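Sending over a structure as structure tokens; questions will come in a sec.
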Amino acid sequence: MKLYYLYFIVWVGLLTGCNSFLDRKSDIHMTIPKSLDDAKLLLNDYTNLTGGFPIYGELGTDDYYVTDATWNAASSLDQRNAYIWADVPYTDAIQWQRPYKSVYVANQVLDILKGINAADNMEEYARCKGAAHFIRAYSFHLLTELHCPAYTINTAPNDFGIPLRLDPGIDGKSNRANLKDTYDQIISDFKSAASYLPIVESVRGRPFKASAYAGLARAYLDMGDYDNAYLYADSCLRLKPELIDFNSLKATDALPIPKFNIEVLYSALSTTLGIMGANFALMGKDLYNSYHANDLRKGIFFKATNNPPNSFLFKGSYDKSSANIFMGLTTSEVYLIKAEAACRIGYIKEALACTNKLLKNRWNKNTTYEEITENDPDKLLSLIVNERRKELLFRGRRWADLKRLNLDPRFQKTLIRTLGEEKYSLAPNSPKYAYRLSETVINLAGLPQNKR
């Protein structure tokens with residue numbers, strides 16, 4: 001059975017997530033998964049379901065830079081182009097394929113469950129159904145953040161979304177949904193996940209109810225629906241409020257933050273880093289200097305390097321790894337979602353409470369933490385937005401944040417890259433914030449390319 005599943009997963013890996021890479025179906029005689037145990041086995045494939053998420057967006061952020069030598073030596077032309085926001089054809093289909101691989105498995109599980117009597121084992125049935133809806137929503141959302149424009153109510157019905165594959169068939173033609181329908185599906189899947197998932201999940205790496213609430217809060221924040229972002233962030237934190245006390249970590253450790261720590265609501269990892277690798281991505285001095293001397297994140301997140309002199313590298317991975325970026329959900333992110341949403345809808349007291357709770361757990365306990373008491377909504381919002389950047393460094397959030405914040409003139413920012421004598425820029429609300437789809441996907445699946 002395990003061998004048949006291996007063939008099954010390898011076969012899925014050949015898909016673009018739309019039309020098949022193959023001209024004819026495989027002739028391997030596979031056992032068709034059809035039992036609840038089969039569904040559980042598919043969902044326990046942690047590495048394939050939670051790894052390999054797209055990194056192109058993070059390659060384009062302003063949180064780091066690379067030297068000319070690193071950029072010129074990069075083996076991936078696509079990564080070099082992504083770093084400077086080059087509007088040229090990309091060929092790497094992995095950024096597209098891997099999330100749709102997770103979608104395929106989720107759809108397979110949901111298809112299996114249609115033929116099962118839920119009453120025979122209601123608890124496991126619900127757990128599997130909730131996990132499948134969660135995985136599909138999560139994968140759709142990360143693809144949307146990378147390849148689609150910022151969400152606005154007026155333009156979303158006409159903007160390109162992504163193909164919404166909702167069944168395990170692989171031969172049907174794929175079409176790009178509009179952005180409104182794409183987010184509607186993401187929200188629907190996360191809500192279904194929340195209704196089925198348990199409050200407590202004993203298996204590490206599997207989502208639970210608070211994970212789904214966090215996914216909803218993140219999606220609604222991207223949509224600018226702050227009332228719902230606040231509601232679901234609050235629902236998540238009522239179930240899972242824990243934060244790491246950074247005083248318990250050792251800044252001298254190579255990777256100080258434990259894997260599957262108490263803040264992790266769902267673990268997801270990027271594809272391999274390339275030029276964003278631990279020894280190549282250099283932190284900007286302005287960002288480093290923005291941390292207070294008593295803010296323990298300064299020692300937990302950064303390490304000094306002399307190549308080049310007086311520079312800093314990142315070591316604050318939430319996966320305790322230097323090979324990938326952690327792109328999952330954490331309670332610390334949810335506190336910041338709740339804080340920002342609360343501030344935007346006028347709940348200043350709640351915004352302050354969330355922000356102070358987070359920062360107290362990042363502050364040196366041997367010094368006095370001075371609580372933030374700013375009551376001016378505009379000033380407090382600016383502070384919270386800055387804390388998002390400082391807290392969620394290398395956590396897969398900056399690209400989506402830059403995109404949505406550019407809709408607000410107060411937070412618009414032109415990004416600049418310098419390589420040798422050349423300067424490259426990315427203007428606020430540029431159509432290049434929706435990265436081009438791989439030409440491999442365009443040609444094989446017949447999908448329209450992003451508008452320019």
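If I ask for residues that are assigned to a helix (DSSP H, G or I) and either over 16 Å from residue 442 (Cα atoms) or of a type in the set (Lys, Arg) (or both), which ones from region 147-179 would you list?
Within region 147-179, just 179 meets the criteria.
Restricting to region 163-186, what's the tally of residues that are farther than 22 Å from residue 405 by Cβ and touching a strand residue (DSSP E or B) at 6+ places or on another chain (Cβ under 7 Å)?
10
Continuing with the same structure: Counting only residues that are open to solvent by 10 Å² or more (accessible area, probe 1.4 Å), out of contact with any helix residue (DSSP H, G or I) (no Cβ under 7 Å at 6 or more places or on another chain) and either of a type in the set (S, T, N, Q) or assigned to a helix (DSSP H, G or I) (or both), how many does region 42-72 have?
7
Could you figure out which of (1) in contact with a Pro (Cβ under 6 Å, 6 or more places away or on another chain); (2) among the polar types (S, T, N, Q); (3) open to solvent by less than 30 Å² (accessible area, probe 1.4 Å) isn't true of residue 178?
Result: residue 178 fails condition (3) only.
Which residues, counting only those in region 192-219, are of a type in the set (Lys, Arg) and either within 10 Å of residue 232 (Cα to Cα) or part of a helix (DSSP H, G or I) (or both)?
Once the filter is applied, which keeps residues that are of a type in the set (Lys, Arg) and either within 10 Å of residue 232 (Cα to Cα) or part of a helix (DSSP H, G or I) (or both), region 192-219 yields 209, 218.
Okay, moving on. State yes or no: is residue 265 farther than 29 Å from residue 93 by Cβ, open to solvent by less than 80 Å² (accessible area, probe 1.4 Å) and assigned to a strand (DSSP E or B)?
So residue 265 passes the test.
Moving on to the next point. Quick one: is residue 136 closer than 30 Å to residue 194 by Cβ, of a type in the set (D, E, K, R) and open to solvent by less than 20 Å² (accessible area, probe 1.4 Å)?
When the stated conditions are applied, residue 136 passes them.
Which condition number in (1) over 23 Å from residue 133 (Cα atoms); (2) touching a His at 6+ places or on another chain (Cβ under 9 Å); (3) open to solvent by less than 40 Å² (accessible area, probe 1.4 Å); (4) not β-branched (Val, Ile, Thr) is the one that residue 276 fails?
(2)
Report, by residue number, each residue of region 370-388 that is in contact (Cβ under 8 Å) with a residue 60 or more places away in the chain and open to solvent by less than 50 Å² (accessible area, probe 1.4 Å).
Listed by number, the list is empty, since nothing qualifies.
So, one more: Which of the residues spanning region 291-312 are in a loop (DSSP other than H, G, I, E, B), open to solvent by less than 50 Å² (accessible area, probe 1.4 Å) and either touching a Lys or Arg at 6+ places or on another chain (Cβ under 8 Å) or more than 18 Å from residue 251 (Cα to Cα) (or both)?
The answer is 291, 296, 308.
Being hydrophobic (A, V, I, L, M, F, W, C), open to solvent by 30 Å² or more (accessible area, probe 1.4 Å) and farther than 24 Å from residue 266 by Cβ is the filter here; which residues of region 317-347 pass it?
Within region 317-347, just 345 meets the criteria.
Among what's in region 368-401 and is among the hydroxyl-bearing types (Ser, Thr, Tyr) and assigned to a loop (DSSP other than H, G, I, E, B), pick the residue that is farthest from residue 345 (Cα to Cα).
368
For region 402-427, which residues satisfy the criterion of being part of a loop (DSSP other than H, G, I, E, B) and crowded, with 17+ Cβ neighbours inside 10 Å?
406
Among the residues that make up region 353-367, is at least one of them open to solvent by less than 50 Å² (accessible area, probe 1.4 Å), among the hydrophobic types (A, V, I, L, M, F, W, C) and more than 19 Å from residue 244 (Cα to Cα)?
no
Criterion first (under 21 Å from residue 320 (Cα atoms) and open to solvent by less than 30 Å² (accessible area, probe 1.4 Å)) does residue 187 satisfy it?
no
Here are the criteria: (1) among the acidic types (Asp, Glu); (2) in a loop (DSSP other than H, G, I, E, B); (3) open to solvent by less than 40 Å² (accessible area, probe 1.4 Å). Tell me which single one residue 242 does not satisfy.
Unmet condition: (3).
In addition: Just one of (1) open to solvent by 20 Å² or more (accessible area, probe 1.4 Å); (2) over 23 Å from residue 268 (Cβ atoms) trips up residue 156, so point out which.
Looking at each condition in turn, residue 156 falls short on (1).
The values are calculated or read from the model by the stated rules, or taken from the named source; none is laboratory data. It should be emphasised that the depicted structure is a prediction, and the values quoted were computed from it without experimental measurement. Every residue, glycine among them, receives a Cβ derived from its backbone with ideal geometry; neighbour counts consider all protein chains shown. Ligands, DNA and RNA are excluded from the accessible area calculation, which covers all protein heavy atoms including side chains. Shrake-Rupley method; radii C 1.70, N 1.55, O 1.52, S 1.80 Å.
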